[in-house]
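A.B. asks: Input: one structure, supplied below.
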Amino acid sequence: MTGMGFLGRLRESLTRTKQQLVERLDEVVRRNDEPARRGRPVDIETLDALEEALLSADVGVAATGQIVEAVKGRARGGAGLRQIVKDEIQGILASTASRAPDGQRPRIVLVVGVNGTGKTTTVGKLAKLMRDEGKRPLICAADTFRAAAVEQLEIWAKRAGVDVIRAAPGADPAAVVFDAIASGKAHNRDAVIVDTAGRLHTRVNLMNELEKIRRVAAREIEGAPHEVLLVLDATVGQNGLTQARQFMEVAGVNGIILTKLDGTAKGGIAVAIAHDLKLPIRYAGVGEGIDDLVPFSPVEYVDALFEEKW
């Protein structure tokens, strides 16, 4: 996918967040860019308005504090305030950005998250994205506790044009992963994308299940699982950080897929994720279609958010 394609989709999906954050920020800038105020430090009223705008977009308390301190130290009146905020947000996001691990084939990607975040549909979209990049992925239906999850996954896999390895309901998820890895090796697949069960309320069972899956994967492929991607719903805002911390403890999460950006004014949660969790956002969900998962770029996210329109 081209950068412009990503930027266009991301720009559209961030419309509500832009209204909540950037347009309010620009109003603050206009009010404080009078000739009499230029050259003076930013006043308390401006800092309070900036803080309110950032928090309302779910940028988070800690990240908001860092941004406000940067503005306090560098801005004079309204001049440069917008650019300082933009630079700080981009810097926070870029601090966690890194390339996905590569090397071993097939690459084992565990996709984790609570039910309702769009996890199963995201697996199908990720497979389609890999196919579009010229790769040959395989999907593993390791959520054997919900028959509906497997059926849904097969529908999305068909849309993506990707095969699924599944088992009977109630089967051992780790055994399904073993079969999928064996198939991936035999058929020279580039990646095995594993859809895992989405539960936090039975945390001990989830931990044991994921640990067993990880052990099986590590035994079969050096360095596996190579990625453990947590699907977070952007519409839940700060509550997503609590989910993320729990999954980081039990699943060894090393990347985020942020879904439903198009349905929220809380797209600033991306900044909170990077600042508080120190995890890279690998992909962003920008719609409900099979092609509506895009690689996440801090530069393009910020450009889409702060794009000039006047």
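A.B. asks: How many of the residues in segment 160-172 are surrounded by fewer than 17 Cβ atoms within 10 Å (Cβ to Cβ) and under 17 Å from Val192 (Cα atoms)?
C.D. replies: 1
A.B. asks: Would segment 202-212 turn up any residue that is surrounded by fewer than 17 Cβ atoms within 10 Å (Cβ to Cβ) and touching a residue at least 60 places away in the same chain (Cβ under 8 Å)?
C.D. replies: no
A.B. asks: Pairs, please: C-beta under 7 Å, at least 6 apart or cross-chain, first residue within 21 Å of Val236 (Cβ to Cβ) and in a helix (DSSP H, G or I) and in segment 47-74, second at pLDDT below 95 and among the polar types (S, T, N, Q)?
C.D. replies: Every condition considered, the pairs that remain are Ser56/Gln20.
A.B. asks: Just checking, which of Ile273, Ile281, Ile256 is over 27 Å from Ala160 (Cα atoms), buried (at least 23 other Cβ atoms within 10 Å of the Cβ) and either in contact (Cβ under 8 Å) with a residue 12 or more places away in the chain or not aliphatic (A, V, I, L, M) (or both)?
C.D. replies: Ile273
A.B. asks: Against the conditions (1) modelled with pLDDT of 95 or more; (2) of a type in the set (D, E, K, R); (3) over 23 Å from the mean Cα position of the chain (by Cα), where does Asp172 fall short? Just the number, please.
C.D. replies: Looking at each condition in turn, Asp172 falls short on (1).
A.B. asks: Filter segment 187-212 down to the residues that are at pLDDT below 95 and under 15 Å from Ala174 (Cβ atoms) and list them by number.
C.D. replies: Answer for segment 187-212, where residues must be at pLDDT below 95 and under 15 Å from Ala174 (Cβ atoms): Thr196, Ala197, Asn205, Leu206, Met207, Asn208, Glu209, Leu210, Glu211, Lys212.
A.B. asks: Now for a separate question. Which condition number in (1) charged (D, E, K, R); (2) surrounded by fewer than 22 Cβ atoms within 10 Å (Cβ to Cβ); (3) assigned to a loop (DSSP other than H, G, I, E, B) is the one that Arg245 fails?
C.D. replies: The single condition Arg245 does not satisfy is (3).
A.B. asks: Might you let me know whether segment 130-137 holds any residue that is part of a strand (DSSP E or B) and not assigned by TED's automatic domain parsing to the domain that holds Arg30?
C.D. replies: There is at least one residue in segment 130-137 that is part of a strand (DSSP E or B) and not assigned by TED's automatic domain parsing to the domain that holds Arg30.
A.B. asks: Can I ask one more? Quick check on this structure: which one of Pro173, Pro225 is closer than 30 Å to Thr264 by Cβ and either outside the structural domain of Val114 (by TED's automatic domain parsing) or not basic (Lys, Arg) (or both)?
C.D. replies: Among Pro173, Pro225, only Pro225 is closer than 30 Å to Thr264 by Cβ and either outside the structural domain of Val114 (by TED's automatic domain parsing) or not basic (Lys, Arg) (or both).
A.B. asks: If you don't mind, another one. Any residue that is polar (S, T, N, Q), surrounded by fewer than 18 Cβ atoms within 10 Å (Cβ to Cβ) and over 30 Å from Asp58 (Cα atoms) - is there at least one of those in segment 226-239?
C.D. replies: Looking through segment 226-239, none of the residues is polar (S, T, N, Q), surrounded by fewer than 18 Cβ atoms within 10 Å (Cβ to Cβ) and over 30 Å from Asp58 (Cα atoms).
A.B. asks: Tell me, which residue of segment 292-310 that is within 12 Å of the chain's Cα centre (by Cα) and not hydroxyl-bearing (Ser, Thr, Tyr) is modelled with the highest pLDDT?
C.D. replies: Across segment 292-310, the extreme among qualifying residues is Leu293.
A.B. asks: May I ask you to list the residues in segment 6-38 that are outside any helix (DSSP H, G or I) and modelled with pLDDT of 85 or more?
C.D. replies: Leu14, Leu21
A.B. asks: Oh, and also: Considering only residues of segment 73-120 that are surrounded by fewer than 19 Cβ atoms within 10 Å (Cβ to Cβ), under 24 Å from Phe178 (Cα atoms) and small (Gly, Ala, Ser), which is modelled with the lowest pLDDT?
C.D. replies: Ala100
A.B. asks: Let me ask something else. Can you tell me which of (1) assigned by TED's automatic domain parsing to the domain that holds Val228; (2) at pLDDT below 90; (3) surrounded by fewer than 19 Cβ atoms within 10 Å (Cβ to Cβ) is the one Ile155 doesn't meet?
C.D. replies: With respect to (1) assigned by TED's automatic domain parsing to the domain that holds Val228; (2) at pLDDT below 90; (3) surrounded by fewer than 19 Cβ atoms within 10 Å (Cβ to Cβ), Ile155 is out only on (2).
The values are calculated or read from the model by the stated rules, or taken from the named source; none is laboratory data. Values in this document were obtained by computation on a predicted structure and should not be read as measured data. No Cβ is skipped: glycine too gets one built from the backbone with ideal geometry, and neighbour counts run over all protein chains shown.
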